[in-house]
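For reference, the structure discussed in these notes is given below.
The values are calculated or read from the model by the stated rules, or taken from the named source; none is laboratory data. Remember, it's a predicted structure, so these values are computed and weren't measured experimentally. Positions of Cβ are backbone-derived with ideal geometry, glycine not excepted, and every protein chain shown enters the neighbour counts. Heads up: the accessible areas ignore ligands, DNA and RNA and are worked out on the full protein's heavy atoms, side chains in. Shrake-Rupley method; radii C 1.70, N 1.55, O 1.52, S 1.80 Å.
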Amino acid sequence: PFEIAKDFSFEKMRDQAFGVMTGEPRHVVVRFRKDVAPYVRARTWHPTQQITELRNGDLKLSFRAGGDIEIVRWVLGWGSEAKLLRPEILRRQIADELRAAGRLYRRSRGLG
């Protein structure tokens, strides 16, 4: 049998995760280029999000959440329109992933 811990809160777990995966909540800051700023601004990405408008039309989205894999994949999905500013550990993961992807595309043979 399975017993739910007495102090378990689904709402707390949901609000600390970026998607469905949980993890240690981190302060995340992503800068988006002005071309996609309207799309970012129009949606609630996380309950803790804060948006800062920048003079050149770009914006910064910040939130506190766990789920590193989902955060990294989400930022990568924006391509060159987004740059993760914080946390540094996720910046390194994104840089590593982009280097690995670049190697795949530079090879003359590969996935086909």
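Some observations on this one:
- Taking amide hydrogens as placed 1.01 Å from N in the peptide plane, the amide H of Lys34 sits under 5 Å from those of Asp58, each at least 5 positions away in sequence or on another chain.
- Spin-label pair Ala101/Leu85, simplified geometry with 7 Å Cα→Cβ offset, distance in nm: 2.2
- Highest average packing first - 24-30, 83-89, 47-53, Cβ atoms within 10 Å: 24-30, 83-89, 47-53
- Cα-projected label distance for Asn56 with Arg92, points at 7 Å along beta-carbon direction, nm: 2.8
- Estimated distance in nm for a label pair at Arg73 and His27, the labels positioned 7 Å out from Cα along Cα-to-Cβ: 2.8
- Of the residues Arg99, Arg55, the one with the largest accessible area comes first in the ranking Arg55, Arg99, computed with a 1.4 Å probe on protein heavy atoms.
- Solvent-accessible area of segment 42-112 (1.4 angstrom probe, protein heavy atoms only): carbon and sulfur portion equals 49 percent.
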